[in-house]
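Worksheet: the structure to be examined is printed underneath.
The values are calculated or read from the model by the stated rules, or taken from the named source; none is laboratory data. Worth saying up front: this structure is predicted, and the values here are computed from it rather than measured. Every residue, glycine as well, gets a Cβ built from its backbone with ideal geometry; the counts of neighbours run over all protein chains shown. Just so you know, the surface numbers come from the protein's heavy atoms only, side chains and all, with ligands and any DNA or RNA stripped out. Shrake-Rupley method; radii C 1.70, N 1.55, O 1.52, S 1.80 Å.
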Amino acid sequence: MDRFAELNAFVAVTEAGGFAAAARELGQSRSAINRLVLALEQRLGLPLLNRTTRNVSPTSDGRAFYAKAKRILDDLDEAETALGAAHEEAIGQMRINGPVSQDPINISRAVVDFMKIHPKVRIDLTLESRLVDPVAEGFDLVVRVDEPDETTMMVDHRLAEFEYMCCASPDYVAAHGAPSAPEALSEHALLHFHGAPHMQTWRFQSGGASFEVTVSSRLCSNNIEPILEACKAGLGVAVLPGIAVREALQAGDLTRLLGAYSLPRRVLQVIYPPNRHLSAKVRLFTDFLCDRFS
């Protein structure tokens, strides 16, 4: 029996919530859909659906299998259109993991604008600060801002590079003085923007030497806005992306500190498994982000 027909029947029943509705959706008889699902369950050796007189719902195994079956069918649809419209149009489901959206890197807004251009794409978007494994967690691609990983086996597109700066407001400096070296930061109130949970230190470099500051912060957040506002209000010293503090520096709302020291640069990256490199939707979304942020 056709395994793709079995998967298609099972996915249709799961989404429709019943055999009759799935049969209408697929233009087949109810008995034909039932035979396909039964054949699939017998081949797998476990039940995928709970059947009652009123409704049909997936078992715990069925829910897990549904996600995989849906991905297989979406990939098949994409493969069949890959020689035609799929080269110019994103089609089907795409799971994306990205950083918490905030200016200047607002992934939410980028996804919405991408979907306006490609109305046939369906996107499952997860925004979080932690680093994820796209293979283990089933993402088509991951967008993140982090230090470059030269050892990754993933396809890694680096779209933009960000300089980081140590800053405080003129009022804060007038009241507390400016630190003369990274070690002196322990005497100051610190405001910590952590783009990811592992970013708990500030690493300064000068003349080939490295200085690491463990951050004990008065305020910490995974969003730039509250840290930037607190810094401008004179609540402490912060390390922030240069692109985020540029206007405040030009306006005189912030002062750059420890200018003789540099901080590690981070890059905006699109990362995905090697087996997704021929996916039209992944390629188109990557190109879209490249045009938008580079």
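Overview of values
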{"read-out": "Sum of side-chain charges, V111 neighbourhood, beta-carbon under 13 Å (Lys, Arg +1; Asp, Glu -1)", "value": "+3"}
{"read-out": "Most to least accessible of M115, M154 (protein chains only, probe 1.4 Å)", "value": "M115, M154"}
{"read-out": "Contour excess over end-to-end distance, with Cα ends at R246 and D149 and 0.36 nm allotted per residue", "value": "32.2 nm"}
{"read-out": "Area accessible to solvent at Y66, 1.4 Å probe radius, in Å²", "value": "60 Å²"}
{"read-out": "Probe 1.4 Å, accessible area per residue of the chain, Å²", "value": "51 Å²"}
{"read-out": "Share, in percent, of DSSP beta bridges within the chain that are antiparallel, nearest 5", "value": "70 percent"}
{"read-out": "Ranking by accessible area, most exposed first, for F65, F204 with a 1.4 Å probe", "value": "F65, F204"}
{"read-out": "Cleavage-rule hits (trypsin sites (Lys or Arg not before Pro)) in region 20-60: DSSP loop, at most 14 neighbouring Cβ within 10 angstrom", "value": "R54"}
{"read-out": "Simple spin-label estimate for L127 and L46 in nanometres, 7 Å along Cα-Cβ", "value": "3.5 nm"}
{"read-out": "Given charges at Cβ of Lys, Arg, Asp, Glu: region 129-245 dipole, positive-most of V215, S169, T152", "value": "S169"}
{"read-out": "Rounded to 5, percent antiparallel among DSSP beta bridges of region 89-227", "value": "35 percent"}
{"read-out": "Length gained when the stretch A136-A32 is fully extended (0.36 nm per residue, less Cα-Cα span)", "value": "33.9 nm"}
{"read-out": "Stretch gain in nm, segment E187-E25, where the contour uses 0.36 nm per residue and the Cα spacing is subtracted", "value": "51.5 nm"}
{"read-out": "Solvent exposure, largest accessible area first (probe 1.4 Å, DNA, RNA and ligands not counted), of E163, E89, E183", "value": "E183, E163, E89"}
{"read-out": "Approximate shape of region 145-261 as ellipsoid semi-axes (Cα gyration tensor, √5λ), whole Å, largest first", "value": "25, 16, 14"}
{"read-out": "Under 28 Å from the Cα of K68 - lysines, other chains or at least 8 residues apart", "value": "K116, K120, K281"}
{"read-out": "For the chain, diffusion coefficient by Stokes-Einstein and Kirkwood Rh (Cα), 37 °C, 0.692 mPa s, µm²/s", "value": "146 µm²/s"}
